[in-house]
Structure formats: structure tokens, C-alpha cells
Amino acid sequence: MFEHHPRPEWIAAEEFLSEVVVHPDPALQQAISSAAEAGMPAIEVAPNAGKLLKLLVQLSRARRVLEIGTLAGFSTIWMGRGLPSDGTLVTCEFLPKHAEVAWANIDAAGLGEKVEIRLGPALETLAALEEEGREPFDFIFIDADKENNSRYLDWAVRLGRPGATVVLDNAVWEGAILDPGMDPVNAPGIIEALRLLGEHPRLDATVIQTVGSKGWDGFALARIR
């Protein structure tokens, strides 16, 4: 797995902001601890990023959210809390063990009736969602295998409504976007997705750099035209 290099001051600032502004509650803290206990990688979004996802869901007035990459459900819980009472969230997870841990966390957070975990390869799940004729999604969060990022973006456009918000995580990847040799497995997929964000006729996007416990990274924010 590619190694990130957070600086102590980045972590300290993130912890301060989480304590003073973000206020992650026990259900969210349980999602993180349960992932560690299950031996899952600590690659969930930081608390301040999770709160940003919640606020973006609310600001976009989303009722239907699609998440690609569930892990232990940390970001799922944040986004689910941003939904209105009649909102729904579909999240795609490849590994059964991850889905089991995530479901326990999501249900414990009181979101079991709003969230549907779809197990299997995400590209197959996305194709199935299209075949099922689901209502277009209002908000799509992509945080899965980087090699398929551009394919996930294509599906986001196909499954999202005009005006929908798309967030793509891990858009800087310790600067590997400038030196793909740093991570030949993930960097090419990230770069391809960034080029697609800049060229796709139905996407209007930007990228925000971040630093924190996850190192030097960033996220892309796009609107479907």
C-alpha cells in the first residue's frame, strides 16, 4: 500500500479542528475503532472531511446519494446524516467483511433504514443500478480503487441528474500526480480521472489540496451539467 507522510503539526491541527469545530460523536468514533479491530486499513476520510461531505449533501439539497467505496461506513454515516427524512443512500463495497463491519456501524448510527449496501465489484453494481432504472442521484462520492476512477466518473455522469454534485477523493496523493513513478499502481488512474474532470463536456470541476492525518492530498469537486 502506498505510504502517506503526515507531519505532526498537520495532525495536531486536524485534531484541534475536530475537537473544537467538527465534534465527531461516539457512533463515528466506533466506526473508526471497529475498522481497526477488524484489521481494515485506516484510509477513511478525516473527521473534518467527513463533516464537509455532510454539509455538501445538505447544501446541494440531495435526497439520493451514491457512494463508491464503503470501508467501515465512516463517510457513509456522515453523508447519511446530511440527508432529509425521506433521503436514501446507496453505497458500493467489494469485500464482504468490510460490508459486515460497515452495516453494524451504519445501523448503530440509526441510519439502517436509509442506507443500502450493494456488495460486489462497483462497476457491476453501477451497471445494475442503471438497468434497474433508479432515479438519478443528487450527490456522488467516489473513494475506491484509484485505477477505476475515470470509469467511476463516467458512471457518475450517467447515474447523476443534471446539477448533481460529484466528489472524488484522493486527488493529489502525496504529489504523485506530478510524479506517477511514486505509485505506478494508483497514480495513473488518479491522473486520468483529473484529465477527464477537466475535459468532460458535462463536468465542471475544481480540485482542493489538503493536508492532515492522511498526508498531502486533496479532493475534486464537480457539478454535472
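Per-structure values
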| read-out | value |
| --- | --- |
| Nitroxide proxy distance, nm - points 7 Å out along Cα→Cβ at I43 and D107 | 2.6 nm |
| Relative contact order (%) - criterion: Cα under 8 Å, at least six apart; region: the range 58-197 | 24 percent |
| Surface share of carbon and sulfur [accessible, 1.4 angstrom probe, percent] for the chain | 55 percent |
| Extended-chain gain in nm, criterion 0.36 nm per residue less alpha-carbon gap, H23 and R134 | 36.5 nm |
| Per residue, in Å², the accessible surface of the chain once ligands and nucleic acids are set aside, probe 1.4 Å | 48 Å² |
| Amide H contacts under 5 Å for R63, placed H, 5+ residues apart | D138 |
| Identified option (computed Cα extents along the principal axes in Å; candidates (1) 52, 39, 29; (2) 46, 41, 35; (3) 47, 40, 32) | (3) |
| FRET efficiency for L95 and R202, using Cβ-Cβ distance with R0 set to 45 Å, rounded to 0.05 | 0.90 |
| Sum of -39500 (n - 2.57) over DSSP H runs of 4+, divided by residues of the chain (222 nm, nearest 500) | -12000 deg cm²/dmol |
| Accessible-area ranking of E67, E113, E132, E37, largest first, probe 1.4 Å | E113, E37, E132, E67 |
| Separation in nanometres of the label points that stand 7 Å from Cα toward Cβ, at R7 and A127 | 4.6 nm |
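The values are calculated or read from the model by the stated rules, or taken from the named source; none is laboratory data. If you're wondering where the values come from, they're calculated on a predicted model, not measured in any experiment. As a convention, Cβ positions derive from the backbone with ideal geometry for all residues, glycine included, and neighbour counts pool all protein chains shown. To get the accessible areas, we keep the full protein, side chains included, count just its heavy atoms, and leave off ligands, DNA and RNA. Shrake-Rupley method; radii C 1.70, N 1.55, O 1.52, S 1.80 Å.
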